[in-house]
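**Q** Take a look at the following structure, please.
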Amino acid sequence: MTSTFETTLDCPVSAAELYAWHARSGAFERLLPPWERVKLVGLAARITNGARQTMELSVGPLTKRWVAEITDVEPGTSFRDVQLSGPFARWEHRHAMEARGSDASRLRDQIEYRLPAGFVGRTVAGGFVRKSVERMFAYRHRITERDLRRHAEAGDAKRTVLVTGSTGLVGSALCAFLESGGHTVRRMVRKDPQHANEFRWDPARGEFDRRALIGVDAVVHLAGENVGEPRWNDKRKRRILDSRVQGTSLIAREIGLCENGPQTLVQASAVGIYGNRGDEELSEASSHGDDFLSLVCEQWESSSADIPGVRRVQLRFGVVLTPAGGALARMLPPFRAGAGGPIGSGEQWMSWISIDDAVAALHHAIWDAQLEGPVNAVAPEAIRNADFGRTLGSVLKRPAILPLPAFVARAAFGEVADALLLASQRVRPDKLTACGFRFDDPTLSGALQHLLGATAAKAAS
C-alpha cells in the first residue's frame with residue numbers, strides 16, 4: 001500500500017528563482033534536517049535527468065545507503081527524485097514550482113512512499129514514518145522561506161567570498177547558504193586541494209596560496225582550534241591561541257599584500273571575551289575579562305588590526321545551537337535520557353544563537369557596509385542555565401531536574417568547566433539590533449523546536 005504526503009509553501013520569489021535555488025550547489029545541504037544523522041556521499045547531484053545522489057543514514061549503530069535518481073526534469077518548473085535503493089520499498093518525491101505572480105511562487109512537495117514488509121511494516125512503523133516526514137518537510141520549508149527571503153533582501157548582486165573553517169559547523173552551513181544564493185565560495189584548506197574552489201594554506205608555517213584572493217569581495221575567517229574539549233593543559237592552550245592568532249595574522253597579511261583585494265574581513269570571535277560577569281548586561285562597549293578565553297579573544301581580534309582600507313567585523317558568537325554538533329549535541333543524550341538539569345547553581349547567564357541566525361549574521365556582516373568592529377552575535381535574550389535546561393527538557397518532553405554540581409563539573413572538565421559551563425555572560429546584540437537585523441529564532445523555545453523538529457508541516461492547499 002502506497003502512502004502519500006503533500007505540502008506547500010508560498011515563497012517571496014518568482015517560480016524561476018525558486019527553481020534556481022533548488023538547482024544550485026548548497027541547497028541540498030541546507031535542506032538536511034540537523035537532527036537526522038544523514039551524510040552526503042560525494043558532491044550534491046545537479047538537477048539533470050539521470051543524475052544520482054547517494055546518502056548515508058545512521059540509526060543507532062546501523063548505517064543504510066540511500067541512492068536516488070533525478071528524473072522528469074522540467075527546467076524552471078519541476079523535477080522528481082526516485083529512490084533506487086534505500087530504506088523504503090518505494091519513494092518518489094516531486095518538487096513543483098508554481099508561479100503566483102512576477103515575484104511570488106508556491107512550492108509544492110508531493111511524496112509517494114511505501115514501507116518495506118507490507119502490512120507489518122505499516123503497522124509497526126507507519127505512524128512514526130509519517131510523523132518523521134511531516135517534521136522533515138516543516139523544517140525544509142522554514143529553511144527555504146528564510147533563505148529565499150534573506151537572499152532577496154540582500155539584492156541581486158552576486159559576490160565571491162573566501163571562507164576559512166569551511167568544514168566546521170558554522171562554516172559548512174555558511175558555504176551552503178551562500179552557494180544556494182548564487183554566490184561563489186572559495187575555501188581555504190590545510191590538505192591538498194581536491195576541487196577547483198579549494199586553496200591551500202598552513203598558518204603555522206605562514207603558507208598561503210595567494211590565488212585564493214584574486215577577485216574576492218569578502219573574506220570570512222572562522223578557523224580555529226576547538227575550545228570545547230575537556231581538560232585544557234599548557235600544550236592545548238597554546239594550540240587554541242596559536243590557531244587563532246597565526247591564522248588571523250596570516251589572513252590580514254595576505255589581504256594587505258593583495259592589490260585590489262577584498263574590502264571586507266568578517267572574523268569569528270566569542271562572548272568569552274567578557275569573562276565571568278554575573279548579572280551585568282554586556283554590550284559591545286563593555287570591558288573585557290582577564291581569564292584565558294578573554295585574552296585569547298582579545299589577541300584573536302587584534303591580530304587583523306593593521307589592514308588599511310578594509311572593513312573589519314568581529315562577530316562575538318554566543319553558544320551556537322545545532323543538534324549536528326557542538327554544545328547542544330553533547331547535551332542531548334543526557335537530556336533525552338531524563339538525566340539533564342542545571343549546571344552548578346543554574347543562575348549563570350547563557351548567551352546563545354541558533355546556527356541559522358549565526359549564518360544570517362555572517363551574511364549580514366558581509367553585505368552591510370555600515371557594520372564594523374566588534375558585534376555581539378547572540379539572540380536578543382540571554383537565558384539562565386537552569387531555564388535553558390527546563391526549556392530543552394520541555395521541548396524533548398523529558399524532566400530536567402538532575403543537577404550537575406560545580407565541583408563535579410570541575411572534576412570532570414577542569415578549567416573548561418569554569419570558562420564554558422559556569423561562567424555567566426548576559427550579552428546583548430546591540431549592534432545587530434540597531435542595524436535592522438531580524439532574528440528568525442529570537443526565543444530559545446522556538447529555536448529548539450525548529451532545530452529538533454518539534455513542529456510538523458502544514459497540509460497542502
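**Q** Residues of region 332-363 being part of a helix (DSSP H, G or I), in contact with a helix residue (DSSP H, G or I) (Cβ under 7 Å, 6 or more places away or on another chain) and under 26 Å from Ala176 (Cβ atoms), which ones? First the steps, then the outcome.
**A** Of region 332-363, the ones part of a helix (DSSP H, G or I) are 332-336, 355-363.
After this cut, where a residue has to be in contact with a helix residue (DSSP H, G or I) (Cβ under 7 Å, 6 or more places away or on another chain) as well, the list is 335-336, 355-356, 358-363.
Passing the criteria: Ile355, Asp356, Ala358, Val359, Ala360, Ala361, Leu362, His363.
**Q** Mind checking which strands (runs of 3 or more DSSP E) fall wholly inside region 76-149 and carry at least 1 residues that are farther than 23 Å from Gly446 by Cα and under 25 Å from the mean Cα position of the chain (by Cα)?
**A** Numbers: elements: 78-85, 90-99, 105-114.
The qualifying strands (runs of 3 or more DSSP E) are 90-99, 105-114.
**Q** If we only count helices (runs of 4 or more DSSP H) wholly inside region 376-461, which ones have 3 or more residues that are in the same structural domain as Arg312 (by TED's automatic domain parsing) and more than 24 Å from the chain's Cα centre (by Cα)? Don't jump to the end; show me each part of the working.
**A** Working: elements: 385-396, 406-413, 430-434, 444-451.
Once the helices (runs of 4 or more DSSP H) in region 376-461 are filtered for at least 3 residues that are in the same structural domain as Arg312 (by TED's automatic domain parsing) and more than 24 Å from the chain's Cα centre (by Cα), what remains is 406-413.
**Q** Suppose the filter is at pLDDT below 95 and assigned to a helix (DSSP H, G or I); does Val170 pass it?
**A** Details: at pLDDT below 95: no; assigned to a helix (DSSP H, G or I): yes.
Spelling it out, it is not the case that Val170 is at pLDDT below 95 and assigned to a helix (DSSP H, G or I).
**Q** Considering only region 344-399, state which residues are among the hydrophobic types (A, V, I, L, M, F, W, C), touching a strand residue (DSSP E or B) at 6+ places or on another chain (Cβ under 9 Å) and more than 22 Å from Ser269 (Cα to Cα).
**A** Correct list: Ala386, Phe388.
**Q** Here is a further query. Can you find a residue that is more than 30 Å from Pro34 (Cα to Cα), assigned by TED's automatic domain parsing to the domain that holds Val313 and either crowded, with 23+ Cβ neighbours inside 10 Å or of a type in the set (D, E, K, R) (or both) anywhere in region 189-204? Give the derivation first.
**A** Step one: list which residues in region 189-204 are more than 30 Å from Pro34 (Cα to Cα), which gives 202-204.
After this cut, where a residue has to be assigned by TED's automatic domain parsing to the domain that holds Val313 as well, the list is 202-204.
Retained after the next criterion (residues that are either crowded, with 23+ Cβ neighbours inside 10 Å or of a type in the set (D, E, K, R) (or both)): 202.
So far as region 189-204 goes, yes, one or more of its residues are more than 30 Å from Pro34 (Cα to Cα), assigned by TED's automatic domain parsing to the domain that holds Val313 and either crowded, with 23+ Cβ neighbours inside 10 Å or of a type in the set (D, E, K, R) (or both).
**Q** To continue, here is another question. Give the number of residues within region 344-373 that are surrounded by fewer than 20 Cβ atoms within 10 Å (Cβ to Cβ), closer than 23 Å to Ser294 by Cα and of a type outside the set (S, T, N, Q). Outline the logic, then answer.
**A** Within region 344-373, the first condition is being surrounded by fewer than 20 Cβ atoms within 10 Å (Cβ to Cβ), and the residues that meet it are 345-347, 367-370, 372-373.
Going one step further and asking which of them are closer than 23 Å to Ser294 by Cα, we end up with 345-347, 372-373.
Remaining after also requiring of a type outside the set (S, T, N, Q): 346-347, 372-373.
Qualifying residue count for the region: 4.
For every residue, the table says whether it meets (1) in a loop (DSSP other than H, G, I, E, B); (2) on the phi < 0 side of the Ramachandran plot; (3) touching a strand residue (DSSP E or B) at 6+ places or on another chain (Cβ under 9 Å).
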residue	(1), (2), (3)
Trp201	no, yes, yes
Arg205	yes, yes, no
Val216	yes, yes, yes
Glu229	yes, yes, no
Leu241	no, yes, no
Pro262	yes, yes, yes
Gln267	no, yes, yes
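**Q** Also: Confirm whether Gly182 is closer than 25 Å to Gly325 by Cβ, assigned to a loop (DSSP other than H, G, I, E, B) and in contact (Cβ under 8 Å) with a residue 40 or more places away in the chain. Outline the logic, then answer.
**A** Values: closer than 25 Å to Gly325 by Cβ: no; assigned to a loop (DSSP other than H, G, I, E, B): yes; in contact (Cβ under 8 Å) with a residue 40 or more places away in the chain: yes.
Taking the combined requirement at face value, the residue does not satisfy it.
**Q** Among the residues of region 44-70, write down those that are among the hydroxyl-bearing types (Ser, Thr, Tyr) and surrounded by fewer than 15 Cβ atoms within 10 Å (Cβ to Cβ). Give the derivation first.
**A** Keep residues of region 44-70 that are among the hydroxyl-bearing types (Ser, Thr, Tyr), which gives 48, 54, 58, 63.
Matches in region 44-70: Thr48, Ser58, Thr63.
**Q** Taking region 1-47 only, how many residues are among the basic types (Lys, Arg) and assigned to a loop (DSSP other than H, G, I, E, B)? I'd like the intermediate steps shown before the answer.
**A** Step one: of region 1-47, the residues among the basic types (Lys, Arg) are 24, 30, 37, 39, 46.
Next, from what is left, pick out any that are assigned to a loop (DSSP other than H, G, I, E, B): 24, 37, 46.
Of the residues in that region, 3 qualify.
The values are calculated or read from the model by the stated rules, or taken from the named source; none is laboratory data. Note that the structure is a prediction, hence the values are computed from the model and not measured. Reconstructed Cβ throughout: ideal geometry from the backbone, glycine too, with neighbour counts over all protein chains shown.
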